[in-house]
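Enquirer: Handing you this structure, nothing more for now.
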Amino acid sequence: MKIALVDSGIGLLPAAAAVRRLRPDADLVLSSDPDSMPWGPRTPEDLSAHALAVAEAAAEHAPDALVVACNTASVHALPALRERFEPGLPVIGTVPAIKPAAAAGGHVAIWATPATTGSPYQRRLIAEFSGSTPVTEVACPGLADAVQWDDPTAVAAAIADAAARTPTAVTSVVLGCTHYELVGDAIRTAVEHSGTGPLTLHGSAPAVAAQALRRLGVAPDPAAPATGTLTVLLNGRAEPLPAAALSYEQGRVLAPVAADR
């Protein structure tokens, strides 16, 4: 079993690590576009072209499923990717976890890139799933870039800026960009207020990993032998896992695997 994941950068690490935990025997292909990152400011057409390019690079390795481990790409490029690869290659998109967050009640904030915040796509999800739960959209300029390049000072500044614009009544935060899941603890610390109790974070990685296995008709087996290989493609070039990835727990989960066979 081989599962490919695509993203502009290391935002694919949370979903890849989630797949690794569910199926340690699965081969993984991580295909990203660091030379052209970030994708958010690009036009939908340009973004789709970049997403297709990294997906084509991954498809050359004959995966059984393709995960679009990027919220912005799922918003703008998922139709083009499905038209190109399905039905032969199942394509799984990433949807922000608005439904479970709203179902839990309280006050929900959605942290997302400026390109996704306020988009018709996100507004449709809010309208469909929020019900009577109050939802606040919070744009996080610069946070994905800071996470990508492992810049702790810039990460802290971007998180502090977004936290200052997050209502104090918020009880849960939806991480609407896969990069943000890499710094979830820092986000929780910045947003959590003693008066409202513990803050709940809602990421997409576990649900995306589970959906990829469902599409393949494969059950989770965390006790399977850890024989899965890892192939890393940076703009189509076979490379080691980027050093920045090892700064995050999800990247370290992937690091010990065997080289590509």
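The values are calculated or read from the model by the stated rules, or taken from the named source; none is laboratory data. Small disclaimer: the values here were computed from a predicted structure and weren't measured. The area values use the complete protein model at the heavy-atom level, side chains included, leaving out ligands, DNA and RNA. Shrake-Rupley method; radii C 1.70, N 1.55, O 1.52, S 1.80 Å.
Enquirer: Roll a 1.4 angstrom probe over the protein heavy atoms and tell me the percent of accessible area of the chain that is carbon or sulfur.
Expert: That share works out to 57 percent.
Enquirer: OK, next. Can you give the Kirkwood hydrodynamic radius for region 177-244, in Å, rounded to one decimal and based on Cα pairs?
Expert: 15.7 Å
Enquirer: Let me ask something else about it. Just the Cα atoms of region 2-68, one point each, no solvent: what log10 I(q)/I(0) does Debye give at q = 0.13, 0.15 Å⁻¹?
Expert: Ignoring solvent entirely, the Cα scatterers give -0.35, -0.45.
Enquirer: Measure nothing fancy, just the Cα-based angle from helix 152-164's long axis to the longest principal axis of the chain, in degrees from 0 to 90, nearest 10.
Expert: Tilt relative to the chain: about 40 degrees.
Enquirer: Which value, in Å³ per residue, describes the convex hull spanned by the Cα atoms of the chain?
Expert: Once divided by residue count, the hull of the chain is 121 Å³.
Enquirer: Going by the alpha-carbon gyration tensor, a ≥ b ≥ c the square roots of its eigenvalues, is region 138-177 rounded (a/c under 1.5) or, if a/c is not under 1.5, prolate (a/b greater than b/c) versus oblate?
Expert: In terms of gyration-tensor shape, prolate.
Enquirer: One-quarter of the Cα convex hull surface for region 127-261, in nm²?
Expert: In nm², the orientation-averaged hull projection of region 127-261 is 11.2.
Enquirer: Please work out the C-alpha center-to-center distance from region 1-64 to region 217-238 and express it in whole Å.
Expert: That distance is 12 Å.
Enquirer: Which whole-number value in Å³ per residue fits the convex hull of the alpha carbons of region 31-172?
Expert: 121 Å³
Enquirer: Continuing with this model, one more query. What does the accessible area per residue of region 178-223 come to in Å², with a 1.4 Å probe and no ligands, DNA or RNA counted?
Expert: Value returned for region 178-223: 49 Å² of accessible area per residue.
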